[in-house]
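Here's the structure, in structure tokens; my notes come after.
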Amino acid sequence: MIPYHDENETLRTPIVTLAIIALTTLAWLLVQGAGAALPLMQSVCELGLIPGELTLSVPPGTPFPMGEGIACRTDPGRQVSNVLTSMFLHGSWMHLIGNMWFLWLFGNNVEDSMTRPRFVAFYLLTGLAAALAQVVADPSSGVPMVGASGAISGVMGAYLVLFPRVRVYTMVPLGFFLQSMALPAWMMLIYWAFLQFAGGVTSVVSEQTGGVAFWAHLGGFAAGVVLVKLFERRDRVLAHAARHWSPRH
């Protein structure tokens, strides 16, 4: 399913969401060379989160192949700062565009439900929870992990709690065609979470050591569900509800 629009107008300009999108895009262009091979591999190696580094379960200098004749070697120490930097890096144009689209679609309303400083803290905390979930799931992995998916999963978990009945227009594959359908947010988001769980279980059973960080997605999503009530402004949520259920709609 590919969501592309929701019936949930914002009450103010989502400045923080736009700033995160801009900062992440600049990191892709300036730090990662817009996907050029060498800067991409260098940024992922040096600034990505390697679970085995964080847990000290992988010896320094352990190589991870990243291309023909190129390997990323783990550094001494835990490289704690990489938990943060990894949240603003991506592995490809599609990875970046997909994440930023989901952040815009769901983040603008979640930001609207909080003060802007609270939304910054919420985004970073759910991203941290996502990273730690992946580390717990595979603590000795030497594979660098990058992407905003975990933090954005936290935003999606918050959206589920705050706006479960809002209709989200989604492209659904039916055979060889895509059909537009309006689904309640709870249905789309719970289905998405189920897919992440299924993917995580499959990766464990098949002993997959790379690819999609399913457990990070689930960890971020769960953190968003749990933490959102600590960060929301009740008056903002009620204002959203009043607008959504007004006679105009």
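Since every read-out is calculated from the coordinates, none of them should be taken as a lab result. Model, not experiment: these values are computed from the prediction. Here Cβ is always computed from backbone atoms with ideal geometry, including for glycine, and neighbour counts include all displayed protein chains.
With respect to the chain, whose longest principal axis is taken over its alpha-carbon atoms, helix 37-47 is tilted by about 90°. Axis of helix 15-26 versus longest Cα principal axis of the chain: the two differ by about 30°, to the nearest ten degrees. If you take the Cα centroid of region 77-145 and the Cα centroid of region 1-46, the two points sit 11 Å apart. Rounded to the nearest 10 degrees, the angle from helix 234-244 to the longest Cα principal axis of the chain is 60 degrees.
Working note: Karplus 6.51/-1.76/1.60 with θ = phi - 60° gives region 218-223 the couplings 5, x, x, 4, 5, 5 Hz, where Gly and Pro are set to x. With unit charges on the beta carbons (Lys and Arg positive, Asp and Glu negative) and the dipole taken about the Cα centre of region 5-99, which residue among P60, G48, T25 sits farthest to the positive side? Of the listed residues, the answer is P60. Summing charges over neighbours of L54, with a neighbour being any other residue whose Cβ is under 15 Å away from its Cβ, gives -3 when K and R count +1 and D and E count -1. Basic side chains Lys and Arg get +1 at the Cβ, acidic Asp and Glu get -1 at the Cβ, and with that the dipole of the chain about its Cα centre reaches some 820 debye. Residue-wise HN-Hα couplings along region 113-122, as the Karplus relation 6.51 cos²θ - 1.76 cosθ + 1.60 with θ = phi - 60° gives them from phi, are 7, 10, 6, 5, x, 5, 5, 4, 4, 4 Hz; Gly and Pro carry x. Selection among F102, Q79, L183 by position relative to the dipole of the chain gives L183 as farthest towards the positive end (Cβ unit charges, Cα centre). The spread of Cα positions in the chain, taken along each principal axis and listed from longest to shortest, comes to 64, 44, 31 Å. Tell me what the chain gives for mean residue ellipticity at 222 nm when only DSSP H runs of n ≥ 4 count, each as -39,500 (n - 2.57), the sum divided by the residue total, rounded to 500 deg cm²/dmol. Using -39500 (n - 2.57) per qualifying helix, the result is -17500 deg cm²/dmol. Relative contact order for region 39-114 using alpha-carbon pairs under 8 Å, separation at least 6, rounded to a whole percent? For region 39-114, the relative contact order is 30 percent. Computed on region 2-244, with alpha-carbon pairs under 8 angstrom and 6+ residues apart, the relative contact order is 26 percent.
Farthest toward the positive end of the dipole of region 2-244, out of G142, P173, G35, is the Cα of P173, where the dipole comes from beta carbon charges about the Cα centre.
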